[in-house]
1. Before we go on, tell me the buried accessible area for the B/A pair, both chains summed, 1.4 Å probe, in Å² to the nearest 100.
2. Using a 7 Å offset from Cα along the direction of the beta-carbon, what are the separations from B:L203 to the same position in each other copy, nm, ascending?
3. Under a point-charge model restricted to the Cβ atoms of Lys and Arg (+1) and Asp and Glu (-1), what is the dipole moment magnitude of region A:14-55 relative to its Cα centre, in debye to the nearest 20?
4. For region A:38-51, in order, what is each residue's ³J(HN,Hα) by Karplus, 6.51 cos²θ - 1.76 cosθ + 1.60 with θ = phi - 60°, in whole Hz (x at glycine and Pro)?
5. If the reach is capped at under 18 angstrom between alpha carbons, list the aspartates and glutamates near B:K202, excluding any in the same chain fewer than eight residues apart.
6. Viscosity 1.002 mPa s, temperature 20 °C: what is the translational diffusion coefficient of region A:150-256 from Stokes-Einstein with a Kirkwood Rh over Cα pairs, rounded to a whole number of µm²/s?
7. How would you classify region B:282-451 from its alpha-carbon gyration tensor, with a ≥ b ≥ c the square roots of the eigenvalues: rounded for a/c under 1.5, else prolate if a/b is greater than b/c, otherwise oblate?
8. Using θ = phi - 60° and the Karplus curve 6.51 cos²θ - 1.76 cosθ + 1.60, what whole-Hz ³J(HN,Hα) does each residue of region A:425-439 get, with Gly and Pro shown as x?
There are 2 protein chains.
Amino acid sequence: MEQQTLEFELTKEFRDRFQQALDERDDAFIRNSLQDVKAADITALVYEFTPEESKYFMELLSIEIQSEIIRDLDSETRKKYLKLHDPQAIAILLNQLLSDDTADILHELPVKVREEVFVGLEPVLRSQVTELLRYEENVAGGLMAKELIRARINWTVVQCVDEIRKQAENVSKFYQVYVVDDRDKLLGRLSLQDLIISDARKLVADIYEKDIVSVETYMEDWEVAEVMKKYELVSVPVVNVQGYLVGRITIDDIVDVITEQAEEERQMMAGISENVEEDDSIWRNTRARLPWLLIGILGGLMNAKFMGLFEAELVRVTAIAFFTPLIQATGGNVGIQSSSLIVQSLANPDFVDEGLWKRLIKVFFVAILNGLVLSTLVWGANILLFQEYKLSLVVSIALFSVIVFASFIGTITPLILNRFGFNPALAAGPFITTTNDLLGLTLYFFTVHLIL
Amino acid sequence: MEQQTLEFELTKEFRDRFQQALDERDDAFIRNSLQDVKAADITALVYEFTPEESKYFMELLSIEIQSEIIRDLDSETRKKYLKLHDPQAIAILLNQLLSDDTADILHELPVKVREEVFVGLEPVLRSQVTELLRYEENVAGGLMAKELIRARINWTVVQCVDEIRKQAENVSKFYQVYVVDDRDKLLGRLSLQDLIISDARKLVADIYEKDIVSVETYMEDWEVAEVMKKYELVSVPVVNVQGYLVGRITIDDIVDVITEQAEEERQMMAGISENVEEDDSIWRNTRARLPWLLIGILGGLMNAKFMGLFEAELVRVTAIAFFTPLIQATGGNVGIQSSSLIVQSLANPDFVDEGLWKRLIKVFFVAILNGLVLSTLVWGANILLFQEYKLSLVVSIALFSVIVFASFIGTITPLILNRFGFNPALAAGPFITTTNDLLGLTLYFFTVHLIL
């Protein structure tokens, strides 16, 4: 980020100097250094200090900036911060925000505090929030804001502009005017640019765009994200089942949905079971890791028990044991590759199911090709490295089978999870590795048993 | 997606019926069924047919819709599709698009075709594109469009609106007017809503917002994405090093950047080495998978060679071999967890480096906790399952050490990659698993050697 364009940069030096100012209650320095700094930059600063320290410097800022920072904080930090405030103070902050942000923050508060804050909200905001709180957080109704600009179909452009002047006080940012009939049924939209370039005497009915994409209140957040991405929208109107306009969702909320979704998927692939960040507490970090590690351990114990069944073979030819890591690692890698490609396909909204068979046949051919290349190479390497002709053959046959089977399991598992309503990304993590470890061992020892 | 709100749904039935219409050259059916369907929906249809078939039905659509579809296609499909057109026809399509999209598509064409298409572009577009082609695709200059609305600081609101009427013909979508001085130096911005609600006689100088975030031409795409996310912008002006306004980037381009970044990272984690999709050719799928599988195989061979050094021990106590999968799988899982948490931290733009030591000490404690829990459990399970007291102790000590070491390596590797300018996500994939397999084996056999 450039000094020249963004001005504020949070350096270690600044943080230390700021800490000193906080310790010394040097209000002049604090006010001075935060003047003209954007709320989003001060938000980053809040993460560097204790809630008490943050409260101290935040209270030197305007109430608008304070509320914007609180809106942008992550939910854990916000909870800790708001704990230091009484309900009246929280209500004053929330009165600055849009209905959707207010509803989100109310959701996080303890029930008793929530009720008291609620009473302190301004009447309009209170009734808007009451409606929003009815929806789940991960559907369109839970994402939308109530504040929007609406124009009646029978207005003129000049009437429309007058109304916008009145309504705009309550709506901080807007890019579209929604056109409705007398009963608030959504008919279309009017972009601000159309409004600016149109003759003032024209009727809304003559210039509005009928062809409008909207979403319904119960649509899931990722579906809303797909719709907005597909049609390249910066805001989308939300209608109820009867088609009446009830809110709007803006692109910034959707950018958050997309980012969170990617993060969640990565955590699933990495075998982390709750939403955790590296700088969370040691205990939280441990707890997030343990479940998948336990499953891996369970798989490992089953592996051990299974290998025990072949003790006689192992005693006869110890070198058999040398190649279990090779077989298992390859099975794991192939499984992860296959499943993550399927997860990617499933995430594509325009994905038309080619049919299970067509897909499996293709995966099969890819596996055969990879299998042939790799098992030939391994065969050659083993002959050179170990001079064990029969064992080398066994390893290569087992490797080839593992590649084919692991591709199959890697492909089919996410599809099954998806069919039963689970997140298919679950299959791209330790689950597939654990399964494939066992699979690899079974195939290997089966081949050993047959040939060696 | 709801029939009611989005109308068009691409079903298998529709595809089959459409195929029939294409085979029979049933223009009436094609025209009818695509009437009032949005370009983004027709784009999805293009993927279902051969380039020749797509060309057939596309040519029944308006040139505006055709060019929009071509813009939205993925680059592979577009290349195949445009191969069927001569340069003049391509130029006609590109003349409908904004400068940034035109430049992107020109980039993809073979040099000879590119030159011929270039000659067919309208003069204004041609000069805009000439400038854009100078920039790398993954920096702000390569993402921006030249089309934007600018207002001079000394204009009145009414002058400004008049100019917008003139300029708006060339700019399809805009949300901001950029305020510049006589020499095009960026001074600030004016939102359309401010323009609508302001008195027509006011001066731009009195109502514009000075506090504006801009990016410079050489800023990388992910940095632009972070800036737009942080400040919740729908568009951002691009300035050159002297601060002159040269273009603007809109949020839809940034949504693409974010989505692609997440996909790339997932592919790295899954050990897929080129940007590939499941429905790409068998050969491409194979090629994308082989490199990482080969590295895994190499690791596997080293494992085998290493285990061979301990043949004497294995002959003495065969059961040692039973626990290598357990040790290695846990090492792999812990390594992936650790590295993906670091990758996540590094991706956070507000990340302030806590210092390597503080971080490592924390990772160490998390590892100790996980290690104690898991090795105690495994010890108990092994006593019950195998009744081998001494071996159970060895396994648990090795498991504990592996968890600690794998955490350390998983943490340090992405940091090192990042320091030397590589993508740290590289470390969250097969690389860390392969390393940790070897590490696990070494620690295990070392413990065996010491104690058993």
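1. On the way: alone 25620 and 25640 Å², together 39470 Å².
Counting both chains, the buried surface is close to 11800 Å².
2. 4.2
3. Working: 6 positive and 10 negative charges, 29 e Å.
That gives region A:14-55 a dipole magnitude of about 140 debye.
4. 6, 3, 4, 6, 5, 3, 4, 5, 4, 5, 8, 10, 6, x
5. A:D162, B:D162, B:E163, B:D181, B:D194
6. Working: Rh = 14.3 Å.
Result for D is 150 µm²/s.
7. On the way: a/c = 2.47, a/b = 1.38, b/c = 1.79.
Cα axes put region B:282-451 in the oblate bin.
8. Running phi through 6.51 cos²θ - 1.76 cosθ + 1.60 with θ = phi - 60° gives 4, 3, 7, 8, x, x, 4, 5, 5, 4, 4, 6, 4, 5, 4 Hz.
The values are calculated or read from the model by the stated rules, or taken from the named source; none is laboratory data. Not measured: the values here are computed from a predicted model. In this analysis, Cβ positions are derived from the backbone assuming ideal geometry, glycine residues included, and neighbour counts consider all displayed protein chains. The accessibility values were calculated without ligands, DNA or RNA, using every heavy atom of the protein model including side chains. Shrake-Rupley method; radii C 1.70, N 1.55, O 1.52, S 1.80 Å.
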